[in-house]
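The block underneath contains the structure these notes are about, expressed in C-alpha cells.
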Amino acid sequence: MPDGATPVLELDDVHVFYGKVEALRGLSFTVNDGEIVTLIGANGAGKSTTLKTISGVRPLSRGHIRFQGRDIRHVAPYRRVEEGICQAPEGRGIFPGMSVRENLDMGAYARRGKGRGGLDEDRDRVFSLFPRLKERSGQMGGTLSGGEQQMLALSRAVSTQPTLLLLDELSMGLAPLIVTQMYDTVRELADEGLSILVAEQFARTVLPIAHSAGIMLHGRIVRMGSPSKIEEELSTHYLGG
C-alpha cells in the first residue's frame, strides 16, 4: 500500500464456489481512496464474480471483505448500497420502460441514509457529465442507443452517491469513441475522490487511467502492479500465455 493511502476496499483470501466449482481462488487486493483499480481477464476469469461478491450477490466460501475497515461478509446487498457500494453491472441493466430521468431517480432511491435532498443538483451533475442524457431525459431507456444506455447505467450508479463504484465491462459492445468518453468520465470521477474498481476484458481501454491493475486467470490474480508493468505482462499471461 502506498504511504499515506487509505484503504476503502480490502479483499483477503477470498474464495467463492458455484456448486462444486471454485470460481475465485484466494483473491487478495486493495482499493484505496480515490484510486482506480482494474481487473483484466478473458471471459470466465472470475472478474464479474469478484464484483458480485463485493456487492453481496455471491456468498463467500472463505475469506474476508472489508469496506472502510469493516468486515461486510454478512451485510446484505441492499445495505451495502446504502453504505456506499454501488455497481454498474455487465449488460447495463437499466429499466427499459422508464425514462432517463426516472432511471436516475431510481439510482438516488437509497441515498445511504442521507435523504433524497439535492436530487436536482445531482441530476444536473450527471447531465454535465453526459449532456446527451439531458437531451433525452424524457426518453424511455429501452429506446436509447447502446452507448447512451451505458452512460445511463454509469450515471444511475453515480446517483447513489457511492464511496466505491464497481464497473463491469464498461466497454462491452461500444464504439471506440464512446469507450474513450466513458473512461474519461471515470477518471474525472476518481479525480473527485471516488474509489473505483473496474472489471474489463479489453485491457488497453482502461490501463491508461488506472492506478493499479491485476491480471485474472482461472479465478486467481496472477499479476498485480502498476499499469505499465501489467501491460508488459499481457502477452504472456492474458493474450495467450
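Bear in mind that the values in this text are calculations on the coordinates, not laboratory data. Treat the numbers as computed from the prediction; the structure is a model and nothing was measured. A quick note on method: Cβ atoms are made from the backbone with ideal geometry, for glycine too, and the neighbour counts reach across all protein chains shown.
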Which label in (i) 28, 21, 17; (ii) 26, 20, 19; (iii) 37, 21, 16 gives the computed semi-axes √(5λ) of the Cα gyration tensor in Å: (i)
Which of Ser228, Ser28, Ser99 has the fewest Cβ neighbours within 10 Å, and the rest in rising order: Ser228, Ser28, Ser99
Among 168-179, 124-135, 38-49, the order from most to least packed when residues are scored by Cβ within 10 Å on average: 38-49, 168-179, 124-135
Quotient of C-alpha Rg and 2.2 N^0.38 Å, computed over region 1-56: 1.24
Rounded to 10°, Cα long-axis angle of helix 119-129 versus longest principal axis of the chain: 70
Long-range HN-HN contacts of Gly26 with modeled amide H, under 5 Å: Val14, His15, Val16
Top of Val186, Val206, Val21 by mean-square fluctuation, Gaussian network on the chain, Cα under 10 Å: Val21
The chain, helix-only ellipticity at 222 nm - DSSP H runs n ≥ 4, -39,500 (n - 2.57), divided by all residues, nearest 500: -10000 deg cm²/dmol
Computed Kirkwood radius, in angstrom, where 1/r is averaged over Cα pairs of region 112-200: 13.7
Selected from Asp33, Asp122, Asp191 as most flexible by GNM, with the chain as the system and alpha-carbon contacts under 10 Å: Asp191
Candidate aspartates and glutamates for bridging to Lys134, where Cα separation is under 16 Å - those fewer than 8 sequence places away on the same chain excluded: Glu102, Asp105, Asp120, Glu121, Asp122, Asp124, Glu148
Formal net charge of residues neighbouring Lys52 (Cβ-Cβ distance under 12 Å; K, R +1; D, E -1): +1
Charge tally in the Cβ shell below 13 Å around Glu135, where Lys, Arg are +1 and Asp, Glu are -1, Glu135 excluded: +3
